[in-house]
Amino acid sequence: MSKFWSDMAKRCTPYIPGEQINRANVIKLNTNENPYGPSPKVIQAIQKESEQTLNLYPSPTTDKLREVIAALNSLSKENVFVGNGSDEVLAFSFMAFFDSNKAIRYPAISYSFYPVYAKLFGIPAEEIALQDDFTIPIEDFYQSDGGVIFPNPNAPTSIYMEIDTVKKILDNNPEQVVIVDEAYIDFAAESAVSLINSYENLLVIQTMSKSRSLAGLRVGFALGHPNLIEGLTRIKDSVNSYTVDRLAIAGAEAAMADVSYFNETTEKIIRTREWTIVEMEKRGFTVLPSQTNFIFATHPNKDAGELYTALKEKDILIRYFKVPMIDNHVRVTIGTDEQMAQFFKMLDTIL
Ligand SMILES: *Cc1c(COP(=O)(O)O)cnc(C)c1O
């Protein structure tokens, strides 16, 4: 604490990201990164861009990238906003759509950046408890005062909500913005993007960090009615005109264009996930139904915190949250088949 800090700097409680230990022999199954690396075309595009134009500012409107993203979603570029990771898009969304005199709602067990932004921007929040089966109680999100935000699939539970259910939340918040954070949607059944033309209050946020394997490049985007996109653009242009740099734009365009690489790696992760769930259950774990690139599991007679520590001693990092209701669960990112085999080998020595 310093006497020089503003009220804002004093009141915020910064987000704590998962550990980034980059020793060569560590198997990182703790931050939901993609084990396969981006498409080779992404590397080529970044190399080419880096040889040419780094002396020039990037496009402040990222028109071409927005067109590429729009085309893949059968939308137009007026429906697309691009930012420096979806975390930034989320931060801009809190500023653009939520107010300090109306409480927003999000699940109590959810992405831990939401309470961070709510506090930073002085937005009151109602944290809605999950049901005993870890699903979201839908009706508790009806008629919110200030808006709604939730991930679909939810994190860290990995549970997916059907589109018809998302629709009900939209129908029951006609005067509020409903933000669906689809960080993991490419590992799940169906995106809410198909609802954008019918719901002017829907903002869908996606990221290139997980399914496109570009966590290090920092590109995320929002899809919604042009009025919502304009709101986000007003905030961005009041903070920083160039949040997405030239290398990120070039890499992101190439990543979106290489659909076959995306399909291949996504399918591989889903196959490994299904195998991982079977192997976990064989060892006595209960695993929540996952539609993400991670699983959320608990063991009847092995403490989750101890399991996390024991695996870390064996150079395998998983995620453990010391939070009521989930403090006996572990979150394990799906790695390659080889990484998961090593994970099970070490797990067996611990169990
Ligand atoms: C990973 C994640 C994000 C952030 O993604 P970035 O684009 O890397 O900032 C947002 N929401 C959820 C639920 C996530 O899991």
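Expressed as a whole percent, the accessible surface of region 40-257 that belongs to carbon and sulfur atoms is 46, based on a 1.4 Å probe. Derived scalar couplings between HN and Hα for region 241-251 equal 6, 10, 7, 10, 7, 4, 5, 5, 4, 4, x Hz in order, rounded to whole Hz, by the Karplus curve 6.51 cos²θ - 1.76 cosθ + 1.60 (θ = phi - 60°), x for Gly and Pro. Take every DSSP beta bridge with both residues inside the chain and express the antiparallel ones as a percent of the total, to the nearest 5. For the chain, the DSSP antiparallel bridge percentage is about 55. Inter-label distance, D7 to L56: 4.5 nm, where each label sits 7 Å from its Cα along the C-beta direction.
Based on protein heavy atoms only, the chain ends up with 46 Å² per residue of surface accessible to a 1.4 Å probe. Taking θ as phi - 60° and the Karplus parameters 6.51, -1.76 and 1.60, the scalar couplings of region 57-70 work out to 4, x, 5, x, 9, 6, 4, 5, 4, 5, 5, 4, 5, 4 Hz in sequence order, x denoting glycine and proline. Running a GNM on the chain with Cα contacts under 10 Å, which residue among F97, F296, F141 ends up with the highest mean-square fluctuation? Of the options given, F97 has the highest mean-square fluctuation. Distance from the alpha carbon centroid of region 56-80 to that of region 169-226 works out to 15 angstrom.
Backbone geometry of region 259-275 corresponds, through the Karplus equation with coefficients 6.51, -1.76 and 1.60 at θ = phi - 60°, to 3J(HN,Hα) couplings of 5, 5, 4, 4, 5, 4, 6, 5, 5, 4, 5, 5, 4, 5, 4, 5, 5 Hz, x marking Gly and Pro.
Comparing mean-square fluctuations of Q176, Q131, Q339 from a GNM of the chain with C-alpha springs under 10 Å, the top value falls on Q131. Note on region 249-351: semi-axes of the ellipsoid equivalent to its C-alpha gyration tensor, largest first and rounded to whole Å, are 28, 15, 13. Computed over the chain, the per-residue total of -39500 (n - 2.57) for DSSP H runs of n ≥ 4 gives a 222 nm mean residue ellipticity of -11500 deg cm²/dmol, rounded to 500. Assuming 0.692 mPa s and 37 °C, estimate D for the chain with Stokes-Einstein, Rh taken as the Kirkwood radius over Cα pairs, in µm²/s. The Stokes-Einstein estimate is 155 µm²/s. Give me the percent of accessible area attributable to carbon and sulfur for region 272-351, probe 1.4 angstrom. Taking all protein chains in place, region 272-351 shows 51 percent carbon and sulfur surface.
The values are calculated or read from the model by the stated rules, or taken from the named source; none is laboratory data. Remember, it's a predicted structure, so these values are computed and weren't measured experimentally. Cβ coordinates were reconstructed from backbone atoms using ideal geometry, including for glycine residues, and neighbour counts include every protein chain displayed. Each accessible area value is taken on the protein alone, full model and side chains, heavy atoms only, with ligands, DNA and RNA left out. Shrake-Rupley method; radii C 1.70, N 1.55, O 1.52, S 1.80 Å.
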